[in-house]
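The numbers here are math on the coordinates, done by the rules we state, and not lab data. Remember, predicted model here, so these are calculated numbers, not experimental data. Positions of Cβ are backbone-derived with ideal geometry, glycine not excepted, and every protein chain shown enters the neighbour counts.
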């Protein structure tokens with residue numbers, strides 16, 4: 001489902017974000033991607049989401065290659081790979097339902113199906129009661145749930161999460177993690193970047209990949 | 001396309017103040033261009049009116065034979081650029097003089113001999129009222145042995161054509177300058193409007209919207225803003241025209257083709273500016 005083949009990413013002024021990283025995440029796996037700040041976690045997610053291209057090597061996601069997917073075709077990848085961020089990135093001034101509906105609309109959902117599908121997605125993340133609330137009326141945990149519902153709008157095969165609990169308290173964090181596990185249980189790959197070791201320890205069933213200064217230094221699957 | 005139009009209208013409703021300001025900026029920029037067009041058109045008309053008075057007069061000798069004059073008339077009529085050649089008899093010349101200058105009437109009645117010569121008045125076709133044509137005809141007329149003198153107000157004709165050239169160069173230069181300024185103002189107004197929605201563009205890219213899906217509503221919005229601004233400019237220009245016409249002096253309104261060109265220009269620059277602004281944000285995710 002996700003493959004990185006000798007991927008390096010070097011930014012200008014010779015800043016090495018990733019160096020010769022190779023990994024494979026098969027279908028249905030739940031993966032924690034961990035490491036200190038600046039280890040390359042966000043860069044790896046960005047490359048998988050094709051928000052950027054590797055300096056060398058190849059990223060393959062759900063049949064699409066970074067070396068063969070043009071800028072105009074990136075939207076195809078994005079519909080197979082959902083992503084959520086630490087800062088939620090919801091549209092202010094629109095309700096939870098409208099935020100999710102927006103994603104459904106832009107991905108070609110027929111108009112009359114948008115509302116019911118958005119409601120189902122909000123229900124899936126436990127936010128039916130808050131459909132009419134705007135982001136500033138929601139807690140951090142609730143906003144992240146809306147962001148997750150939006151990421152699921154195109155029924156992706158992969159869900160990326162970049163420090164999704166970074167701005168949340170412990171209770172909200174547990175709730176979001178539980179939600180990710182539920183999503184993973186449906187067969188979707190979940191790849192979550194986090195530096196929270198407590199979080200990782202609380203889910204021993206998950207695979208753990210560790211980056212350090214852009215290199216892959218630990219893979220729990222190989223350690224077994 | 002219908003969805004894009006709906007989205008464009010919805011965007012207007014979501015941010016009416018920003019949209020209005022954008023349209024206002026576009027309108028004011030085009031208004032300046034509209035005033036310039038109004039001034040240019042009226043200057044052009046004024047020059048044309050003066051140019052219509054450009055003519056060559058060949059004064060005939062007393063002993064000019066009618067058959068020679070008739071032949072000469074035909075030759076002059078066939079010259080390129082000549083619209084008409086009119087024979088003015090001595091009697092007709094006297095009649096004109098006494099009509100146009102009443103003070104002559106009294107003194108001319110005391111004269112035994114009509115002092116005014118017969119003449120050939122040569123008028124030029126529109127588009128041929130230029131130095132070369134005038135000089136060519138004057139030279140041709142001077143060749144006739146029965147022509148005493150040829151006059152065409154050389155000095156003021158030279159000045160007129162010089163003024164026309166200067167006017168044309170100035171109009172083109174200033175027109176381009178105003179158009180560039182208007183284009184920049186329109187581009188800035190549209191960019192501000194698109195910038196205000198860059199989060200939406202970002203999210204659309206994030207969740208997998210196609211480029212065309214993202215761009216189309218913005219292009220339509222750009223066209224609508226350009227059209228609104230163009231309409232506002234038209235209203236302001238027309239209002240200025242009416243004020244000047246009623247309170248200062250007579251002023252012609254510009255041709256419909258110029259109005260349509262102005263509106264089309266507003267739409268074109270609106271679309272172009274939108275396209276460039278959206279393109280920038282499409283590359284960010």
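What average number of partner chain Cβ atoms lie no more than 10 Å from the Cβ of the residues making up A:100-110?
4
Where Rh is the Kirkwood radius over the Cα pairs of the range B:55-151, the temperature 20 °C and the viscosity 1.002 mPa s, what D in µm²/s does Stokes-Einstein return? The partial results should precede the final answer.
Working: Rh = 14.2 Å.
Reported coefficient: 151 µm²/s.
Which of B:75, B:122, A:114 has the fewest other C-beta atoms within 10 Å, and how do the rest follow up to the most?
Least to most surrounded, the residues fall as B:75, A:114, B:122.
Using Cα-only point scatterers and the Debye equation, what is log10 of I(q)/I(0) for the protein assembly as shown at each q in 0.07 Å⁻¹, rounded to two decimals?
Log10 I(q)/I(0), no solvent term: -0.60.
Using the C-alpha atoms of chain B, what convex hull volume per residue, in cubic angstrom, is computed?
171 Å³
Need one number: nm distance between label points at residue A:221 and residue B:184, each 7 Å from Cα along Cα→Cβ, rounded to one decimal.
5.8 nm
Tell me the label-point distance for the pair residue A:167, residue B:5, using the 7 Å Cα-to-Cβ offset, in nm and rounded to one decimal.
3.9 nm
Using a Förster radius of 51 Å, what is the FRET efficiency between residue A:20 and residue B:46 based on their Cβ-Cβ separation? Nearest 0.05, please.
Efficiency for this residue pair is about 0.05.
Once the Cβ-Cβ distance between residue B:131 and residue B:176 is put in as r, and R0 is 30 Å, what FRET efficiency do you end up with, to the nearest 0.05?
Working: r = 26 Å, r/R0 = 0.88.
Rounded to the nearest 0.05, the efficiency is 0.70.
Can I get the semi-axes of chain A's equivalent ellipsoid? Compute them from the C-alpha gyration tensor as square roots of 5 times the eigenvalues, in angstrom, largest first.
So the equivalent ellipsoid measures 29, 20, 16 Å along its semi-axes.
Would you mind computing Rg(Cα) / (2.2 N^0.38 Å) for the range B:133-285, counting N as its residues?
Cα-based Rg divided by the globular estimate yields 1.74.
Once you place label points 7 Å from the Cα toward the Cβ at residue B:15 and residue B:79, how far apart are they in nm?
About 6.6 nm separates the two model spin labels.
If I histogram all Cα-Cα distances within the range A:92-224 using bins 5 Å wide from 0, what percent of pairs lands in each bin?
Answer for the range A:92-224: a P(r) of 2, 10, 19, 20, 19, 13, 8, 6, 3, 1, 0 percent.
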